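Structure first, then comments.
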Amino acid sequence: LANRSANVVLLCRDRTRGEEAKAEVRRASGSDAVELMLADLSSQRSVRRFAQDFADAHPQLHMLVNTAAVFVNSRRVTEDGLELMFATNHLGPFLLTNLLLEALKAGALSRIITVSALSTTKLDFEDLQGERRFRPLTAFGASKAANLLFTYELARRLAGTGVTANVIHPGLMRTHLMRDAPALIRFLAWLASRSPAAAAETVVHLAAAPEVENVTGRFFKKKQIAESSPYSRDPNVQHRLWEVSLRLAGLPAN
Ligand SMILES: NC(=O)c1ccc[n+]([C@@H]2O[C@H](COP(=O)([O-])OP(=O)(O)OC[C@H]3O[C@@H](n4cnc5c(N)ncnc54)[C@H](OP(=O)(O)O)[C@@H]3O)[C@@H](O)[C@H]2O)c1
């Protein structure tokens, strides 16, 4: 995106890694328009502060890419009392996106891209925080299914505003995301995976290609429109997750 003259704001949780990423993007693109802002997506306080600082500095936003995620193999609870993967992978981006909607509408035509996966997991609405039963891969899969459900509901709500919302499966990538997963899963995933740079092309395509300017509410597998699971396409489930997420994020009904 920096290569294509976008002003890029990196949301990172760690200053040192964030500065390294910023320097790398600047070096690779030759662009100075790369900014670092710190925020921890697992903390609602941090997301709210980020959104406020962002809106003060940037009244318009043209592309929002929700891509950060974590996998952990034990149940951890955030400062908001939520399970860490649910909080980081779903609720943080949900809150952030809602808080940035004004800037996105001001920047329309604008695009929201959420990076998910081929998740077929169903959410356990009676135990969303895994308090009764916690299985790490199921909780992770549910957080990725939540990305799909969130995007479809969001796209419906944004119809006619000039803001599109799509969700992608970038393909398996050689990153450190599953560093805590069982060795066999890591090995098989590594065999089938490709470089993050190749996967990033899908994000750039959706964020910048003119031919997808008006496409919204779709699931992309690499650069092609695909179908996510029937469960993820159920409007009742999408609506239910939206309502629960509003409550958990302390947002007013909308
Ligand atoms: N890897 C795959 O095969 C694969 C397949 C399908 C979909 N995906 C999706 O692709 C996306 C990117 O994953 P990846 O594989 O690139 O993983 P990754 O290399 O582990 O990158 C994840 C990024 O999220 C950041 N992050 C984690 N928790 C955060 C928090 N609380 N606040 C702010 N940032 C946080 C991490 O920052 P730190 O540097 O501070 O840790 C890291 O930069 C994810 O949504 C993932 O589900 C990945």
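Out of MET178, ALA142, VAL70, whose Cα points farthest toward the positive end of the dipole of the chain (charges: +1 Lys, Arg; -1 Asp, Glu; placed on Cβ)?
Result: MET178, furthest along the dipole toward the positive end.
Quick check on the range 64-160: take the gyration tensor over C-alpha atoms, sort the square-rooted eigenvalues as a ≥ b ≥ c, and tell me if it's rounded (a/c under 1.5), prolate or oblate.
prolate
Could you state the number of Å between the C-alpha centres of the range 58-130 and the range 182-204?
Spelled out, the Cα-based centre of one part sits 21 Å from the other.
Counting only Cα, what are the radius of gyration and maximum Cα-Cα distance Dmax of the range 146-254, in Å?
Every Cα atom of the range 146-254 included, Rg and Dmax give 16.2, 47 Å.
Could you tell me which of LEU158, GLY107, SER193 has its Cα farthest along the dipole of the chain towards the positive end, charges placed at Cβ (Lys, Arg +1; Asp, Glu -1), taken about the Cα centre?
My answer, from the dipole projection, is SER193.
If only Cα atoms are counted, what is the Rg of the range 35-81, and what is its Dmax, in Å?
13.2, 39
Could you work out the helix-only [θ] at 222 nm for the chain, with each DSSP H run of four or more residues adding -39,500 (n - 2.57) and the total divided by the number of residues, to the nearest 500 deg cm²/dmol?
Taking each H run of at least 4 residues, the total per residue is -13000 deg cm²/dmol.
Using modelled backbone amide H atoms (1.01 Å from N, in-plane), which distant-in-sequence or interchain residues come within less than 5 Å of VAL70's amide H?
Result for VAL70 returns ASN89.
By how many nm would the segment from SER5 to ASP56 lengthen if fully extended, with 0.36 nm per residue of separation less the alpha-carbon distance?
Between SER5 and ASP56, full extension yields an extra 16.2 nm.
What whole-number volume per residue, in cubic angstrom, does the convex hull of the C-alpha atoms of the chain give?
With only Cα atoms used, the chain gives 126 Å³ per residue.
Scanning the chain for helices, which whole DSSP H stretches are 27 Å or more long along the axis (Cα) and average -1.0 or more by Kyte-Doolittle?
136-157
Collect residues whose amide H, placed 1.01 Å from N in the peptide plane, falls under 5 Å from the amide H of GLY107; neighbours closer than 5 in sequence don't count.
LEU61
All of the numbers you see were taken from the coordinates with simple rules; none came from a lab. These numbers come from a predicted model, not from an experiment. Don't worry about glycine lacking a Cβ; one is built from the backbone with ideal geometry, like all the others, and counts go over all protein chains shown.
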